[in-house]
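The values are calculated or read from the model by the stated rules, or taken from the named source; none is laboratory data. Bear in mind the structure is a predicted one, so any value in this text is a computation, not a measurement. Positions of Cβ are backbone-derived with ideal geometry, glycine not excepted, and every protein chain shown enters the neighbour counts. Please note that ligands, DNA and RNA were not included when accessible areas were found on the heavy atoms of the full protein model with its side chains. Shrake-Rupley method; radii C 1.70, N 1.55, O 1.52, S 1.80 Å.
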Amino acid sequence: MSIFAKPYPMETDMLITNRKYIYLTVIISLTVGFLIHFPELVSLTDSREQQTLFPDMSTADVLFEAGYTFLALLALFALNTVLFGFNRPVVRMPWWKIGLSFILTWILSKISGEIFVFLHRHFDIPAIDAMVHHYLHPVRDFILSLIVTGSCYISYLIRQHQEILLQNGQLMAENVRNQYQALKNQLNPHMLFNSLNTLQSLVRENPEKAQNYIRELSRVLRYTLQENDMHIVTLREEMDFVEAYIFLMKMRYEDNLHFVLDVDSSWMDYCLPPLSVQTLVENAIKHNEISNRKPLTIGIRIVRQPDNGEISLQVDNNLQPRRTTAAGTGVGLANLSKRYALLLDKEIKITEAEGKFRVNIPLVKPQDIA
């Protein structure tokens, strides 16, 4: 199970975006095709205005004009897209290219109007013959050119912005992966370093215990290696590993170290970053005195947070700080906090009260992990 979602196929993204671009040009062309002839459409409902401004105009004339404008706009959009690449955000779009697109669209719009007049005169295609309509054609050509070029450029800017956001998102995801891997690369050598120190002393003091320790240590190292490429594990997997790690610690500290486990099996399918519990156990052992005079008790239990109702795993221990803290590599609670922030966007909770040091780490339902 990986917290990092697989990237969406780029080919599918391009197909969906191009389809949206086509839909947009069709909608704009259809809307403008009728709006540009709105005065004529309105005059159809007023017989007096129809006789004065647009004499002998029929509904078919207006519909053919609007339909031809719609098709001409589609052709102009397609030509601008092919020639200037407005639907490709990687293409640079300087101002001279925008100006060239506008001029070319204006010229082609005038030519398309002349073609329609030619078709009307020679093939009796319905059209509006009113003088005022012909006087308005240059203005409409200008407006159509402005709409086509402006819409294409706005669409280009939107796609370019979306491309930048996508690239930034990919860079951020890659940065998160790199940060997380760096944290894990710190953590594994840290645990191995401490384990080898323990093994060194056991080999010298009790070879028989050292053999058992090596066997359990191999289980621990196998888990860390197997989970090296995993960002999230189940609580069941983590607790199986923690039990092996607890065995190693008890081999070292014997009766001076006690564990109280209260983890119900009903929560075992919840998830957390690997080595989280082990980090907390190791932190408690590292920073507290463990001796016959002051044995250390570490509790591991499931609790429900009173403030938000979230399920978390709590690791606590009685506070008995060492006078001199053992040297470490600088990882521990800070490392765990960063991993939770990077992977799950959650925070661990650290409290110190009534002679107890407690750390609560959130548990996440499998279905809540993307």
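A few remarks follow.
- Estimated at the nearest 10 Å², the accessible area of Ile158 is 90 Å² with a 1.4 Å probe.
- Taking all protein chains together, Arg322, Arg19 sort by accessible area into Arg19, Arg322, largest first [probe 1.4 Å].
- Theoretical gain in end-to-end length, Ile311 to Lys110 [0.36 nm per residue, Cα-Cα removed]: 65.4 nm
- On full extension, the segment bounded by Asp269 and Ile143 gains 39.0 nm, given 0.36 nm per residue less the C-alpha separation.
- Accessible area in the full protein assembly, largest first, 1.4 Å probe, for His120, His161: His161, His120
- Residue-normalised accessible area of region 99-170, given per residue in Å² at a 1.4 Å probe: 59 Å²
- Around the amide H of Phe259, modelled in the peptide plane, lie the amide H atoms of Ile298, all under 5 Å away and 5 or more residues distant in sequence or on another chain.
- Ordered by 1.4 Å accessible area with all protein chains kept, Leu35, Leu157 run largest first as Leu35, Leu157.
- Anisotropy class assigned to region 104-164 is prolate, per the alpha carbon gyration tensor with a/c at or over the 1.5 cut-off and a/b larger than b/c.
- For region 273-279, backbone phi angles converted through the Karplus equation (6.51, -1.76, 1.60; θ = phi - 60°) give residue-by-residue couplings of x, x, 6, 5, 5, 4, 4 Hz, Gly and Pro being listed as x.
- Under a model in which nothing but the beta-carbon of Lys, Arg (+1) and Asp, Glu (-1) is charged, region 231-287 shows a dipole of about 240 debye around its Cα centre.
- Calculated FRET value between Leu100 and His161, using beta carbons and R₀ = 30 Å, to 0.05: 0.85
- If the segment from Arg323 to Ile125 were pulled out straight at 0.36 nm per residue, it would be longer than the present Cα-Cα gap by 61.3 nm.
- Solvent-accessible area, 1.4 Å probe, carbon plus sulfur percent, for region 252-358: 45 percent
- Listed values for region 345-353 are Karplus-derived 3J(HN,Hα) couplings in whole Hz (6.51 cos²θ - 1.76 cosθ + 1.60, θ = phi - 60°), namely 6, 10, 10, 7, 10, 10, 10, 9, 7, and x replaces Gly and Pro.
- Inter-label distance for Asn18 and Arg92, nm, one decimal - labels placed 7 Å from Cα along Cα-to-Cβ: 2.5 nm
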